[in-house]
Ligand SMILES: Nc1ncnc2c1ncn2[C@@H]1O[C@H](COP(=O)(O)OP(=O)(O)OP(=O)(O)O)[C@@H](O)[C@H]1O
Ligand SMILES: [Mg+2]
């Protein structure tokens, strides 16, 4: 089953649709949007918006059924970046339906309501409950697109995308493999857009693992930073799957790669404006620019194998990253290549106790599975979707994108849901 609501074919520009004033509408970034209409007017407007050129990067699904259909659909599927729902209800009836939708919404999902009652008190209540916008039907296309622009293109709200940096505690411990598979899991299991940036310029393997051979990639961006804007970045991205694009490393030794401390900041900032998830595969090295990328990231994932040098380096990374980011949570830990035959290993509990960090995943050493996948340019889930390791990558993706929490972590209520719960009990 598709994880985004099935899409009706966008209609060509419909003369009966009031486009409105498009002056404040921007190019919409690579987000996923699902819209659930009740009336024909709203359907036509949504379909016309979906086919507008400014929506060309977004994945938009338009279907009937209003809030009940949305709640039903997403009871068994991850929610997109934005759900637009039409409802003829008002007051408690509307809140009750939205509460059902909130029950199945990921915390990061935004909700726009198109209602039929021009009621300022209800508008205020919905906004205070966490609804991103309430529009009154009949809606103009520009109003819908302006609401999307305000949510996803407002620089004052910070970048759209979350940057998640992966670094290995020691060379060859599997950090890149995990980064690529998690990028794949976010894009395929959640239908959520991902840009994967391979910052290991001389030796990067994302191109091999994803079976890509793009002529251009991260090197063009980093060697001519003044030219980098959203249009150039689009050209440099290699599309690997419906929701996954790669900013590939040249993986060549034709030149040397000595970078200034801030060399990658600009290109990563531009990437973050365009997609909800930017995954960064860092090489196992320590210099000004790796430190800078780690400082800028929203999440840092350290991969380590269960032996002494990995433990020593992981401890140094956890401490140093903690110093660089004193106001953020600790880096996440993944223990990988656990159970190499005949290798004396440090136990998982001893390893995590020494770091004071619980691993978000413990991945066994499976040379046949990983070797086959990498030789075939496949992800683990393509090589064997049923293998528990493929499921582990989905779980990691859930944790680092905020769709799920570790059991040990204190459960923080979902934003949208929490607000509705609170408003109900008030
Ligand atoms: N759990 C695992 N079991 C068996 N092999 C694995 C496992 N994880 C990764 N590998 C293999 O280990 C090798 C090194 O992996 P990878 O390149 O991802 O490591 P890395 O930490 O990024 O290395 P580098 O230091 O070169 O950046 C690859 O051949 C990969 O297929
Ligand atoms: Mg690597």
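Each reported figure results from applying straightforward, stated rules to the coordinates on display, with no laboratory input. All values derive from a computational prediction rather than experimental measurement. Methodologically, a virtual Cβ is constructed for each residue, glycine included, from the backbone with ideal geometry; neighbour enumeration extends over all protein chains shown.
Kindly rank 77-88, 286-297 from highest to lowest mean number of other beta carbons found within 10 Å of each residue.
77-88, 286-297
When the Kirkwood radius is taken over all Cα pairs of region 81-155, what Stokes-Einstein diffusion coefficient follows at 20 °C and 1.002 mPa s, in µm²/s?
169 µm²/s
Report the relative contact order of region 100-244, percent, no decimals, based on alpha-carbon pairs under 8 angstrom and at least 6 residues apart.
So the answer I get is 15 percent.
How do 116, 59 line up, fewest other C-beta atoms within 10 Å first?
Fewest to most other Cβ atoms nearby, the residues stand as 116, 59.
Which whole-number percent gives the relative contact order of the chain, counting Cα pairs below 8 Å spaced six or more residues apart?
17 percent
Please report, to one decimal in angstroms, the Kirkwood hydrodynamic radius of region 175-276 built from all distinct Cα-Cα pairs.
With all distinct Cα pairs of region 175-276 included, I get 13.8 Å.
When the Kirkwood hydrodynamic radius is evaluated over all pairs of different C-alpha atoms of region 161-400, what value in angstrom, to one decimal, is obtained?
About 17.9 Å for region 161-400.
Give the separation of the Cα centroids, region 227-304 to region 109-181, in Å.
23 Å
What's the Cα-based Rg to Rh of the chain, Rh via Kirkwood?
0.99
Quantify how much of the Cα-Cα distance distribution of region 22-156 extends past 24 Å, in percent.
Cα-Cα pairs in region 22-156 separated by more than 24 Å: 22 percent.
If packing is taken as the average number of other Cβ atoms within 10 Å across a peptide's residues, how do 201-211, 101-111, 120-130 rank, most packed first?
101-111, 201-211, 120-130
Determine which residues of region 281-297 fall in the zone a paramagnetic label at residue 255 would reach in this model, i.e. backbone nitrogen under 12 Å from the point 7 Å along Cα→Cβ.
Residues passing the 12 Å test: none.
Sequence gap at least 6, Cα distance under 8 Å: using those rules, report the relative contact order of region 161-400 to the nearest whole percent.
27 percent.
Evaluate 2.2 N^0.38 Å with N set to the residue count of region 83-231, then give the Cα radius of gyration divided by it.
Cα Rg divided by the expected 2.2 N^0.38 Å: 1.44.
How much length is gained on full extension from residue 96 to residue 153, taking 0.36 nm per residue of separation minus their Cα-Cα distance?
Residue separation times 0.36 nm, minus the Cα-Cα distance, leaves 17.5 nm.
Based only on other Cβ atoms within 10 Å, what is the fewest-to-most ordering of 184, 37?
Going from sparsest to densest Cβ surroundings: 37, 184.
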